[in-house]
Amino acid sequence: MTKDQIIDMLMAQLDALTRQLEESNRQNSVLTSQVAALTAEVAALRAALEGKEAEAERQKAVNRGLSAIIGKGSERQASPPLTAEERGALEKARAAARKARGNNGSRRSPHAEVEEVERVEVYPDDPLFDSFSAREVGVREAVRYVYERARVRKIVYRIHVYSQDGTIYEGATPPSAFLNSSYDATLVAELLRLRFGLSLPVERIAGMFREQGFELGRQTAHGLIARASALMERMRGAIRQAVLSSDYARADETYHRVLLASSGGTGSRKGYVWSVVGAGGRLMYVIYDGGSRRQEVITGEMGAFRGTLQSDAYRAYRTLQGDGFPDITRIACLQHVKRKFRDAMDSDPAAGRIYGLLNRLYQEEHKHKVGRQGWTVEDNLRWRQQYAPPILLEIQAELEAQRARADLTPKSPMAAAVNYLDDEWEAVCGIFSRGDTDLDNNLVERMQRYFALSRHSSLFFGSHKGAERAAVIYTVALSAKMNGLDLYEYFLDIINTTAKWPPNTPLEKYRDLLPDRWKPRKSL
């Protein structure tokens with residue numbers, strides 16, 4: 001190939017490349033125009049979307065403002081999905097709130113029993129926060145339980161009096177707890193709750209009122225308690241009547257120190273308080289007879305009783321199972337029997353065998369409960385007649401073996417336990433002759449703990465008269481506690497109700513006011 005031919009071929013290739021480059025440039029120009037057009041369209045769409053979002057945020061801000069004015073939450077507006085940054089910020093805020101709550105990781109009680117009185121909307125108060133430009137991303141709730149300190153309010157009623165055509169007209173005087181008293185039943189009910197429900201001494205109660213800005217003198221407090229006791233005397237009579245008319249009762253006694261005036265000053269002595277529970281174990285009345293523990297106190301009270309009486313082996317109660325009281329059947333308290341053998345277990349291993357057999361009676365008894373899963377009193381009696389006799393026979397055989405021991409000294413704890421159960425054997429077997437009795441007297445003993453609390457806090461009843469007044473109010477208060485009532489509400493209602501009744505109102509009228517039938521009133 002000659003030199004000229006080579007040059008012509010290269011020129012032809014150069015022309016072809018030039019044409020290709022020009023075509024590519026033309027296509028690039030077309031694509032560039034299309035991209036520019038699409039970019040302009042996207043910008044227009046973005047501007048329109050931003051305008052709509054801004055309008056939505058402005059509307060939400062207006063809605064929040066209106067909600068604050070009219071006090072009602074506006075209907076929740078749909079918000080756009082959260083961005084990754086917004087989700088992260090929200091999670092951090094929630095984590096910080098959880099950490100601030102703390103509580104060592106334990107579950108918080110929802111306190112469903114507390115009434116929700118209000119809901120408060122809380123918005124950011126940071127100076128940099130702008131509600132018009134911000135977008136709400138969530139709501140969390142925080143609960144605070146607020147204690148409102150008790151206080152005594154003084155209300156002055158200006159009672160207007162008019163004369164018209166020779167007749168005097170005047171507004172009605174608002175009721176008080178007692179005649180010629182300035183104290184409302186609300187104050188008296190709280191005083192009784194603190195003294196007889198919480199066993200606080202009057203001096204401490206007066207101090208509590210003083211801290212609340214009200215001076216309640218000791219003598220005034222004692223006077224209000226005395227008047228409340230007089231008002232509730234008929235209620236105690238109605239409770240006593242209901243208890244003694246039932247066919248199954250429990251009785252026990254305890255003591256409280258009582259101050260007594262003497263020639264050499266003031267001394268104290270034990271004053272015994274008796275308690276009788278009946279009416280299906282839901283009412284209890286308290287007896288104080290000069291602090292005496294003589295058997296005549298309880299035998300005199302139970303003379304009208306017809307049925308089964310459960311008690312420990314104190315001779316006063318054992319008298320009630322004698323010929324003088326043919327209508328009373330006394331049954332024992334198994335806990336008192338168990339305590340004797342438990343005390344003897346340290347010195348005599350044989351006591352453990354009888355103690356274990358007594359526990360077996362409880363184990364079998366607890367397999368069923370009257371009122372649960374349709375279990376009736378009749379079912380329970382049949383069950384007792386099935387499980388109890390074999391165990392009682394084993395206990396009786398152990399007792400015979402212990403009595404035959406040559407090494408059992410008369411004054412040993414084991415001998416005392418054996419003799420106690422021997423004396424109580426008929427009363428122990430009597431427990432299982434009915435289907436509705438308890439195995440022990442724990443119910444009345446639990447209620448008598450309030451006297452023990454009073455012994456430790458108040459130390460004394462001021463006099464025999466003061467102890468008698470306390471017995472009246474304790475009868476009402478402890479009966480209310482046995483029924484799970486709010487003592488303040490209950491005292492308030494019965495004071496307001498019975499204060500209007502004449503002193504000789506029949507006991508039957510009080511029956512529906514007694515704690516086992518009383519229902520809270522909506523107006524309380």
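The values are calculated or read from the model by the stated rules, or taken from the named source; none is laboratory data. The structure presented is a predicted model; accordingly, all values stated were derived computationally and were not measured. Note that each Cβ is placed from the backbone with ideal geometry, even for glycine, and that neighbours are counted across all protein chains shown.
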Positions within the stretch 484-519 being assigned to a helix (DSSP H, G or I) and polar (S, T, N, Q), in sequence order: Asn496, Thr497, Thr498
Selection count, the stretch 450-464, where residues are within 29 Å of the chain's Cα centre (by Cα) and surrounded by fewer than 16 Cβ atoms within 10 Å (Cβ to Cβ): 5
Leading residue by the ranking (farthest from Phe460 (Cα to Cα)) among those in the stretch 199-217 that are under 25 Å from the mean Cα position of the chain (by Cα) and of a type outside the set (A, V, I, L, M): Gln212
Residue satisfying condition, being touching a His at 6+ places or on another chain (Cβ under 7 Å), assigned to a strand (DSSP E or B), modelled with pLDDT of 95 or more and surrounded by 22 or more Cβ atoms within 10 Å (Cβ to Cβ), within set Val273, Val286: Val273
Residues of the stretch 213-257 that turn out to be closer than 30 Å to Met302 by Cβ, among the charged types (D, E, K, R) and in a helix (DSSP H, G or I), as a count: 4
Identity of the residue in the stretch 79-97, within 10 Å of Val137 (Cα to Cα) and of a type in the set (D, E, K, R), that ends up modelled with the highest pLDDT: Arg87
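Check the stretch 197-212 and report whether any residue there is among the charged types (D, E, K, R) and either touching a strand residue (DSSP E or B) at 6+ places or on another chain (Cβ under 6 Å) or not in a helix (DSSP H, G or I) (or both).
Checked the stretch 197-212: no residue is among the charged types (D, E, K, R) and either touching a strand residue (DSSP E or B) at 6+ places or on another chain (Cβ under 6 Å) or not in a helix (DSSP H, G or I) (or both).
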Which numbered condition Gly281 misses (of (1) modelled with pLDDT under 95; (2) surrounded by 15 or more Cβ atoms within 10 Å (Cβ to Cβ); (3) in contact with a strand residue (DSSP E or B) (Cβ under 6 Å, 6 or more places away or on another chain); (4) not basic (Lys, Arg)): (3)
Every pair of residues 6+ apart whose Cβ atoms lie under 6 Å, when the first sits in the stretch 192-207 and is touching a residue at least 60 places away in the same chain (Cβ under 8 Å) while the second is assigned to a loop (DSSP other than H, G, I, E, B): Pro201/Ser458
Residues satisfying the stated conditions in the stretch 495-524, i.e. surrounded by fewer than 11 Cβ atoms within 10 Å (Cβ to Cβ), within 27 Å of the chain's Cα centre (by Cα) and touching a residue at least 12 places away in the same chain (Cβ under 8 Å): none
Test: residue in the stretch 229-247 that is β-branched (Val, Ile, Thr), in the same structural domain as Arg517 (by TED's automatic domain parsing) and exposed (fewer than 15 other Cβ atoms within 10 Å of the Cβ): no
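Between Gln373, Gln385, which is farther than 22 Å from Leu443 by Cβ, in contact (Cβ under 8 Å) with a residue 12 or more places away in the chain and surrounded by fewer than 19 Cβ atoms within 10 Å (Cβ to Cβ)?
Only one candidate qualifies: Gln385.
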Selection within the stretch 425-448 - over 18 Å from Arg293 (Cα atoms) and under 28 Å from the mean Cα position of the chain (by Cα): Asp436, Thr437, Asp438, Leu439, Asp440, Asn441, Asn442, Leu443, Arg446, Met447
